[in-house]
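**Student:** After the structure tokens below, expect a handful of questions from me.
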Amino acid sequence: MAEFKVGVISCSGEECLGGTISRLATRKVLDELKMVEPVTLCLPLYLAGGKEERNFARVYPVITVDGCHKCCAKRSTEKYSGKVSGSVDVSEIIGEENALDRKTVRNKDLTAEHTRMIDRVAGEIVKMIGNISPDAYSGKTFHGCGCNGE
Amino acid sequence: MISMDSKVKVIPCSGIGKVYGLMAREAALKTVHELCPEKSEPVCLAWIVTGDQEVKDKIEGRDCITVDGCPKMCASKNVSDAGGIVVEEIKVLDTVKEHKGEKFGSASQLDGCGEIVVSEIASKIADRINQEK
């Protein structure tokens, strides 16, 4: 199973609820998905120039999970590692008003409603992983180094 | 009431792979929402690193406290690069070291001792904010 990998990069935004939901849904997929090995890439490290993270994203398929329409994780990943295999915008699933709620919740304060949101977003991530070509999971579908010819 | 612009920006790394990233995030959120809501606010690190002008305007030349879960110090580096003035670099591991042998939970969920350490880190952040304001 180890060679079948997919990266999941969450924005984990700290300013709004959507960021918390993006993070927790990503964690849920990482903790529970068994068909392929999901690997989470630490976005700040990835953006700070983490070589392992960037190389992983160049070889294996990556799904980005963003809490709001700014889509920071998607934009940044595509800047450094080429096109992503799928992207989830949490605000499209839980509604913009919920996603942009500035009262970011801590894990200990999650309600049943938040848990339902997390489950829905996690389901969407799993669906996207299921849509990726099987060859890509093994790193066979190398989709460019992302250097843009530089 | 302190204006949003003059609030101290608290920016955790929110690293997603290990419990220390979660501790950084939880400590930052506890500070801005429970301990110092009038004097501090969070700013998304993922947004900062996009280089968008709107977020640059928000932190450039402003007092920022970063909270990092590992020695790579991604929050501190990225905030400095974006022009924020890092008045304090909080390292989660400094507080963790004071609790040798304890378990803190996982990257998904803190346990009891994890919450205790988060409270200690949040107090350190709040103390620093209160020095500023």
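Laboratory data are not the source of any read-out in this text; all were calculated from the coordinates shown. Remember, predicted model here, so these are calculated numbers, not experimental data. With ideal geometry, Cβ positions are generated from the backbone for all residues, glycine too; neighbour counts draw on all protein chains shown.
**Student:** Using the Kirkwood radius over Cα pairs, work out the Stokes-Einstein diffusion coefficient for segment B:49-107 at 10 °C and 1.306 mPa s, in µm²/s as a whole number. Numbers along the way, then the final one.
**Tutor:** Numbers: Rh = 12.8 Å.
Translational diffusion coefficient: 124 µm²/s.
**Student:** Would you kindly compute the Cα radius of gyration of segment A:79-127 and its largest Cα-Cα separation (Dmax), both in Å?
**Tutor:** Taking only Cα atoms of segment A:79-127, I get Rg and Dmax of 13.1, 37 Å.
**Student:** For helix A:17-32, what angle does its Cα long axis make with the longest principal axis of chain A, in degrees from 0 to 90 and rounded to 10?
**Tutor:** Here the helix axis deviates by roughly 60 degrees.
**Student:** In percent, what relative contact order does chain A have, based on Cα pairs under 8 Å that are 6 or more apart in sequence? Don't jump to the answer; show the numbers that get you there.
**Tutor:** On the way: 279 pairs, mean separation 49.9, N = 150.
Once normalised by length, the contact order is 33 percent.
**Student:** So which of B:LYS7/B:LYS103; A:LYS28/B:LYS124; A:LYS51/B:LYS124; A:LYS5/A:LYS127; B:LYS9/B:LYS91 end up more than 25 Å apart by C-alpha?
**Tutor:** B:LYS7/B:LYS103; A:LYS28/B:LYS124; A:LYS51/B:LYS124
**Student:** When chain B is modelled as a GNM with alpha-carbon springs shorter than 10 Å, which of B:ALA75, B:ALA28, B:ALA46 fluctuates the most?
**Tutor:** B:ALA46
**Student:** Something else about it: How large, in Å, is segment B:4-132 by the Kirkwood hydrodynamic radius built from its alpha-carbon pairs?
**Tutor:** Radius from the Kirkwood sum: 14.4 Å.
**Student:** In percent, what relative contact order does chain B have, based on Cα pairs under 8 Å that are 6 or more apart in sequence? Spell out each step's value before the answer.
**Tutor:** Values: 244 pairs, mean separation 40.4, N = 133.
Worked out over chain B, it gives 30 percent.
**Student:** Roughly what % of Cα-Cα distances in chain A sit above 23 Å, to the whole percent?
**Tutor:** Working: 3601 of 11175 pairs.
Across chain A, Cα pairs with separations above 23 Å total 32 percent.
**Student:** Rounding to the nearest 20 debye, state how big the charge dipole of the protein assembly as shown is about its Cα centre with +1 on each Lys and Arg Cβ and -1 on each Asp and Glu Cβ. List each step's numbers first, then the result.
**Tutor:** Numbers: 39 positive and 43 negative charges, 114 e Å.
Roughly 540 debye, rounded to the nearest 20.
**Student:** Between 0 and 90 degrees, rounded to the nearest ten: what's the tilt of helix A:72-81 against the longest Cα principal axis of chain A?
**Tutor:** 10
**Student:** Let me ask something else. Estimate the FRET efficiency between B:ASP127 and A:PHE4 by the formula 1/(1 + (r/R0)^6), using the beta-carbon distance for r and 51 Å for R0, to the nearest 0.05. Don't skip to the answer; put the middle values down first.
**Tutor:** Values: r = 48 Å, r/R0 = 0.93.
Rounded to the nearest 0.05, the efficiency is 0.60.
**Student:** How large is Rg/Rh for the protein assembly as shown, to two decimals, with Cα atoms and a Kirkwood Rh?
**Tutor:** Values: Rg = 18.0 Å, Rh = 18.8 Å.
Taking Rg over the Kirkwood Rh, I get 0.96.
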